[in-house]
Amino acid sequence: MPKSEPVEPIANTIPSANENPYPILQVSRDGVLKYANPASLVLFEGRECAIGDRVPHLWRGSIVKSIDTQTTQTFEVPIGARCFQFTVMPSSGESANLYGVEITQRHRAERALQTANEQLQLMVQQRTARLKSSDRELQLQLWERLSLQKHLHERERQLDAIFREAAIGIALLDVGGNIVRSNPALQRMLGESDETFSEKSFRDSIASGDWENAVNEALRRNRALPQKLELRYRHRNGSTFWGTLTLSAIYGEDQHPQYLLAMVEDITDSKLARDALQLTQFAIDRAADAALWIAPSGTFVYANEAACEGLGYQQRELLTRQFYEIAPDFDACDWLGFWESLRTSKTFAFETRMQRRDGEIFPVDLSLNYIEFNSRQYICAFIRDISERKQAEEALRMAQERSERLLLNIFPKAIAKDLKQRIHEYRQVGAAIAERFEEVTVLFADIVGFTQLCANSSPSDLVQMLNEIFSAFDRLTQERGLEKIKTIGDAYMVVGGLPERREDHAEAVAELALAMTNEASRFSAHTGEPIILRVGIHTGPVVAGVIGLNKFSYDLWGDTVNLASRMESQGIPGCIQVTRATYERLRHRYVFEKRGKLFVKGRGDTIAYLLKERRR
């Protein structure tokens, strides 16, 4: 690597460098300070021994570039409040000389000039903006004035259209009450025209009445009416109608009235409706049923006399209550949901209960209606005390139950139901009830020696004995689901298999016969009376029904009934005698004894059997 040539100190080449008032430096290519005159000390914070130090990194770029390109470079260095400009010139070898000049005053002048320019530019901008703003304001004022004129013209046109097309009557009056101008609606109301109105004072169109003096006084004083009045107006044809009058003053620049504006509205229909509403309110106030108006919160806002009297409250006290406080069947927690439901369905009617102030609860018919009136929501409730009706219904229900029980004591349940339906439909038992059953089992039972018992017993003892025996038979019959048809004297008649058909009718009747004979034996042992039954049974077809108009009963007809009766009358005391038809149905489950042939009137010889017991 070639050795660099020695650098001659700048003080040797520039004898006056040490006396120069401006900084003079000599710096190597790598930034090492080789020489600095006394004026340069300001650059190094007053250190005299700065030789050999490296100059700031920012200087080196210009130094290196000057040495490499052998050209002159310049850069500025701020030191505190002062500023220096250095000119870099390459010298011999790998170094450069730096000649500094203080440019602090120039910088200050440039900044002052720049500030002045900026202020001037700002003033120019502000002035330009003010000129533009003034121009816009002038344009805006002009546009607003044109718009206002257009708006006033449009407003005048609209007011004129309203005046001509308005449904209410409008008249412009002078201070004397004479009509200056009127709209078509007022002319139609009063049957007038522009020509006929021009000859009239407005007060001529008002019929005599309570308000005439008040209107005349307002017109005389040239001032507005304090409120809307209801007057009777006179039509040109002599008829009158009800209408309202609003009278307003139109003032001039001198603050004195120049005109009066009269507005008339025909209220004949609404007045009639209002009078009808007042009559309705009067009727509700004095209605026999309770009437209540309920707010969405559940609070009462109206209660008629019947409501206060029926619930035991003074009206003022009742209007502080909530609906669910007097309705024990309603829960306060469910009130909002109930309100929404009623608002959807509009009306509810049902039976419920109400509670009086003294705590008494009584039944009512409650009718609820959702109403919107004067932009407010209400429930209108009508309440009718049905205590007397409920008592009557309860008495009727009890009577019907007694009648039902009596009917069921006379007829089978199905027949009683059919009979009631026919009575309801035809208002009488007009058509006979009859039905054929292909196979039933009929039983007749008779007390042997009953005639002798009658002779030996008092009537009351006899009836009591029969009642005990037949009551026991009734119980046994019901337990087996059989139908008692009737008793004739000391005879007891039962059938199985009707009116409700069943497959085991013969077996059920056989069980009843065995139980009846056992009951008779028990009764005899208990009372000492010789009660012996003779029982006859037959299975076959019958016709069953109800006939007659009064004292009617459910009965059976047919050969089966006759044969069962013959089995009883020709039977053996203490035994149960059955026909072959019954025997064939029961022989596999019961023990029988064959009696042999019997002569039966109307049928000839008939084989009979004696039922003994159920097979074990």
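The values are calculated or read from the model by the stated rules, or taken from the named source; none is laboratory data. Being a predicted model, the structure only gives us computed values, none of them experimental. Cβ sites come from the backbone with ideal geometry, for glycine too, and all protein chains shown count toward neighbours. Each accessible area value is taken on the protein alone, full model and side chains, heavy atoms only, with ligands, DNA and RNA left out. Shrake-Rupley method; radii C 1.70, N 1.55, O 1.52, S 1.80 Å.
Scanning the range 509-555 for residues that are more than 60 Å from the chain's Cα centre (by Cα) and over 24 Å from residue 448 (Cα atoms) turns up 540, 541, 542, 543. Which ones in the range 508-531 are among the acidic types (Asp, Glu) and either free of Cβ contacts under 8 Å to residues at least 60 places away in the same chain or touching a His at 6+ places or on another chain (Cβ under 9 Å) (or both)? Residue satisfying the conditions is 519 alone.
Which fully enclosed strands (runs of 3 or more DSSP E) of the range 564-616 have 1 or more residues being among the basic types (Lys, Arg) and under 27 Å from residue 449 (Cβ atoms)?
590-600, 604-614
Screening 350, 362 for residues that are within 19 Å of residue 388 (Cα to Cα) and either surrounded by fewer than 13 Cβ atoms within 10 Å (Cβ to Cβ) or of a type in the set (S, T, N, Q) (or both) leaves exactly one candidate, 350. Take the conditions surrounded by fewer than 16 Cβ atoms within 10 Å (Cβ to Cβ) and under 25 Å from residue 500 (Cα atoms) and apply them to residue 584. Does it pass? Considered against the rule, which asks whether it is surrounded by fewer than 16 Cβ atoms within 10 Å (Cβ to Cβ) and under 25 Å from residue 500 (Cα atoms), residue 584 comes out as yes.
Among the residues of the range 520-568, which ones are more than 15 Å from residue 509 (Cα to Cα) and β-branched (Val, Ile, Thr)? 527, 531, 532, 542, 543, 546, 547 - these are the residues of the range 520-568 that are more than 15 Å from residue 509 (Cα to Cα) and β-branched (Val, Ile, Thr). Restricting 544, 506 to those that are open to solvent by less than 30 Å² (accessible area, probe 1.4 Å), more than 21 Å from residue 489 (Cα to Cα) and touching a helix residue (DSSP H, G or I) at 6+ places or on another chain (Cβ under 7 Å) reduces the list to 506. Per this entry, residue 437 is not counted among residues that are at pLDDT 90 or above and buried (at least 21 other Cβ atoms within 10 Å of the Cβ).
Exactly one residue out of 497, 558 is buried (at least 19 other Cβ atoms within 10 Å of the Cβ) and modelled with pLDDT of 90 or more: that is 497. Screening residue 218 against (1) under 23 Å from residue 167 (Cβ atoms); (2) modelled with pLDDT under 75; (3) of a type in the set (A, V, I, L, M, F, W, C) leaves a single unmet condition, (1). State whether one or more residues within the range 440-452 are in contact with a strand residue (DSSP E or B) (Cβ under 7 Å, 6 or more places away or on another chain) and free of Cβ contacts under 8 Å to residues at least 24 places away in the same chain. Looking through the range 440-452, none of the residues is in contact with a strand residue (DSSP E or B) (Cβ under 7 Å, 6 or more places away or on another chain) and free of Cβ contacts under 8 Å to residues at least 24 places away in the same chain.
The number of residues in the range 374-402 that are of a type in the set (D, E, K, R), open to solvent by 90 Å² or more (accessible area, probe 1.4 Å) and not in a helix (DSSP H, G or I) comes to 2.
For the range 472-480, does any single residue satisfy the condition of being of a type outside the set (Gly, Ala, Ser), farther than 18 Å from residue 573 by Cβ and outside any helix (DSSP H, G or I)? Checked the range 472-480: at least one residue is of a type outside the set (Gly, Ala, Ser), farther than 18 Å from residue 573 by Cβ and outside any helix (DSSP H, G or I). Note on the range 469-494: residues that are touching a residue at least 24 places away in the same chain (Cβ under 8 Å) and either under 60 Å from the mean Cα position of the chain (by Cα) or loosely packed, with under 15 Cβ neighbours inside 10 Å (or both) total 9.
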